[in-house]
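Beneath this line is the structure, given in structure tokens, with notes to follow.
The values are calculated or read from the model by the stated rules, or taken from the named source; none is laboratory data. If you're wondering where the values come from, they're calculated on a predicted model, not measured in any experiment. Every residue, glycine as well, gets a Cβ built from its backbone with ideal geometry; the counts of neighbours run over all protein chains shown. Accessible surface areas use protein heavy atoms only, side chains included; no ligands, DNA or RNA. Shrake-Rupley method; radii C 1.70, N 1.55, O 1.52, S 1.80 Å.
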Amino acid sequence: MAPPAPIAVETGEVDLAPMSGLPEAEVQRLSASPKLEASQAGSEALGPNLWLELNLREKPLQDLKVRQAISMALNRERIADVIWYGQGKPARGPIVSASAFFDKSLPQYEYNPAKAGKLLDEAGYPKGAGNVRFKLSQNFLPYGENYVRLAEYIRQELGKIGIQVETRSADLGGWLKTIYTDWNFNLTSTFSHNYSDPSIGVERTFGSGFIKKGATFTNSMGYSNPKVDELFAKSAHETDPAARRKQFDELQKILHEELPVIFLMEPAYTHVWNRKVHGLITNGISMYSPWDAVWKD
């Protein structure tokens, strides 16, 4: 089913465009209409987190300094404010800021292209012919124009520090096979949901037990850290909330520092609806809840 056209929402032909069903630029425009309500409430429990997955089987990406350089070359504020039209905010780690388990002590990632270049020098990748240090491929998630723009931005910014990026496009079936069955990629943009608990939504990306060919939206990177696995195993069975919190805090610090993915942005799901509609937002997964209490003027 095709998403609703902005004009249909604007004229009242369609009452609701949920879950960022409208382009972000149109959300910005329609938010000013006195007839419409635009809200990011009602989807907090999903916890979307957008990142670059890195194929850690490849030599350049195995080096932490290379991953740090890639991270420092990308301006997360610009990604959120320009590419996503303000519909999101910079990410700080594997657990999103709306989660009760989020570690507020995690620092924001530094944007520093000059320092990124120095890290690549230290890693043994000096600039060569054409100021190129090495080449990488990127496969962008085929979920619309935002991901095309993100891929172009990444290509441009990594090029400035000497990493030449080749962008590859595919339909969803081809992308899934390339990333999760063939593992034939260097970088790929994608996102995952935390859901209500990190044991549900986070472990499947970073636990080594989820390195399984053909298992989509899991550990495509080949990332394996025994301490991370141990902490996920403990937290899945821990009954003491304080102890569990400490386990997740330690997990976040490790993944924040090791960068098995480049954490970029926490996207926001924006719902736009006609003000004649009432009772839509009742909990953190309102668009997936029964609408038995929803009514319309």
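What per residue convex hull volume, in Å³, do the alpha-carbon atoms of region 136-195 yield? Display every interim value, and only then the final one.
Working: hull volume 5.6 nm³, N = 60.
Once divided by residue count, the hull of region 136-195 is 93 Å³.
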Largest to smallest accessible area among His271, His193 [probe 1.4 Å]: His193, His271
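Using a probe of 1.4 angstrom, how much of the accessible area of the chain is carbon and sulfur, in percent? Don't jump to the answer; show the numbers that get you there.
Numbers: 7330 of 13780 Å².
Using a 1.4 Å probe with all protein chains present, the chain comes out at 53 percent carbon and sulfur.
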Accessible surface, region 97-153, averaged per residue in Å² (probe 1.4 Å): 53
Computed accessible area, Tyr85, all protein chains, 1.4 angstrom probe, square angstrom: 80
Cα centroids of region 245-297 and region 9-34: how far apart, whole angstrom? 19
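Hey, could you get me the Stokes-Einstein D for region 1-85, Kirkwood radius over alpha-carbon pairs, 20 °C and 1.002 mPa s, rounded to whole µm² s⁻¹?
On the way: Rh = 16.1 Å.
It comes out at roughly 133 µm²/s.
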With N set to the residue count of region 221-297, report its C-alpha Rg divided by 2.2 N^0.38 Å to two decimal places. 1.71
From the mean inverse distance of alpha carbon pairs (Kirkwood) and the Cα radius of gyration, derive Rg over Rh for the chain. 0.99
Average accessible area per residue (Å²) across region 8-70 - probe 1.4 Å, nucleic acids and ligands excluded: 42
Contour minus Cα-Cα span, Thr181 to Arg275, at 0.36 nm per residue, comes to 29.3 nm
Put a dot 7 Å past each Cα toward the Cβ at Lys253 and Lys213; how far apart are the dots in nm? 3.8
CD proxy at 222 nm, helix term only [per DSSP H run n ≥ 4: -39500 (n - 2.57); per residue of the chain; nearest 500]: -9000 deg cm²/dmol
Accessible area per residue, Å², region 192-297 with all protein chains present, probe 1.4 Å: 47
Could you work out how far helix 145-160 tilts from the main Cα principal axis of the chain, as a 0 to 90 degree angle to the nearest 10? 30
Peptides 250-257, 120-127 ordered by average Cβ neighbours within 10 Å, highest first: 250-257, 120-127
Within the P(r) computed for region 28-135, what percentage of the Cα pairs occupies the region above 17 Å? 67
Between 0 and 90 degrees, rounded to the nearest ten: what's the tilt of helix 241-258 against the longest Cα principal axis of the chain? 50
